[in-house]
1. Which whole number gives the average, over all residues in A:136-144, of C-beta atoms from other chains lying within 10 Å of the residue C-beta?
2. Could you give log10 I(q)/I(0) at q = 0.09, 0.10, 0.14 Å⁻¹ for chain B, computed by the Debye formula over C-alpha point scatterers of equal weight, without solvent?
3. Under a crude label model (7 Å from the Cα following the beta-carbon direction), how far is A:LEU184 from B:ASP99 in nanometres?
4. Cα gyration tensor of the range B:48-89, axes a ≥ b ≥ c as square roots of the eigenvalues: rounded (a/c below 1.5), prolate (a/b > b/c) or oblate?
5. What lysines sit close enough to B:LYS25 to cross-link, taking a C-alpha to C-alpha distance under 29 Å and skipping anything fewer than 8 places away on the same chain?
6. So for chain B, averaging the separation of alpha carbon pairs under 8 Å that are six or more residues apart and normalising by length, what relative contact order in percent results?
7. So, in Å, what gap is there between the alpha-carbon centers of the range A:12-69 and the range B:65-124?
8. What Rg and what Dmax come out for the range A:111-159 when only alpha-carbon atoms are used, in angstroms?
Amino acid sequence: MTAMESTLQQIHAIMNQENAVLVYSGEFNQDIVKSMLSYAEGKLDATGVDDLVKKKMFNVMVEMLQNITKHQFTTDEEQVVQPCFVLIEEDDYFCVVTGNPIHVDKIDIVSERINTVNGMNADQLKEYYKQARLNSRISDVGGAGLGFIDMARKSENRLDFGVYDIDSADYKYFSLKARINKVLA
Amino acid sequence: MEKLFIAKTEDTPEVDFNPETAELKMSGRSLPEDVTTFYAPVLAWLDELEEGPGGAYKFIVNLEYFNTASSKLILDILMRLEDIHSGGSSSIEVVWNYDKRDTDMEEAAEEYSELVEVPFTIVGI
């Protein structure tokens, strides 16, 4: 299967199963991130949802999209599978879903980081964020290492993730899903 | 000292640091691709302020949104201001305005206020 067929198949599967509002697959850069944020904001405005929910969505989208922008590149000569971004509307939630190739060596650390934040309540996340920010250094790719904590805090839900095999010895496909309640508690 | 003005864009805030009015203002959204480069002139300006003639300055924040990388740089700015304040030649006061419905932003401002020892007022508007 070519990379294109594989990507299209994934998108097709998602669009069929879910009520996808926005689907993007391809290279990520800051201009594309800005376009998608602006498009998503327009879509959310049209739903008439609360401003705070929109703000939370914006927040979570920025972190997820910029994560991909910073970590999308693989050392494979050809990009096996492109990263993707999907916005889904469910009955009670808006969901932000991203997918990107991940080096097999990074899977454990990323899984551990997400599992850690998923095991925390709001107060614990707040404290964890505060400490992590104090100790954080901006990395070579411009991240602060705070993204998952912030996504968990702002979305107020567990982060779902999965790792799938792709046609590569060194990479797998990592998917991440954040849910934001349409009606806040 | 010269005024520092950076016009706002879709992903970077307006920075308006005016030594004449003694008001240092930031407003808008902060999600630049490269936070280090964007905030370098801001931190450099504060270094100059520390060496400057002294005065009573107000850091006024009107940010609608900032990403996690910006959040780290905002902490760096506040810590720099704290150094200036504790140095004694200038005094610093922080006024953090937020949309009063935005509880996430209120919490963010509270967290910053707990971390730095400067007079810090949080105002829901």
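1. So the per-residue partner count for this stretch is 5.
2. -0.22, -0.27, -0.55
3. Each label point is offset 7 Å from its Cα along the Cβ direction, giving 1.0 nm.
4. Cα axes put the range B:48-89 in the prolate bin.
5. Within the straight-line cut-off, B:LYS25 pairs with A:LYS34, A:LYS54, A:LYS55, A:LYS56, A:LYS126, A:LYS130, A:LYS154, B:LYS3, B:LYS8, B:LYS58, B:LYS72, B:LYS100.
6. Values: 218 pairs, mean separation 26.3, N = 125.
Relative contact order of chain B: 21 percent.
7. So the separation of the two Cα centres works out to 29 Å.
8. Every Cα atom of the range A:111-159 included, Rg and Dmax give 10.6, 31 Å.
FYI, it's all coordinate maths here, none of it is from the lab. These figures come from a predicted structure and were not determined experimentally. Backbone-built Cβ (ideal geometry, glycine too); neighbour counts: all protein chains shown.
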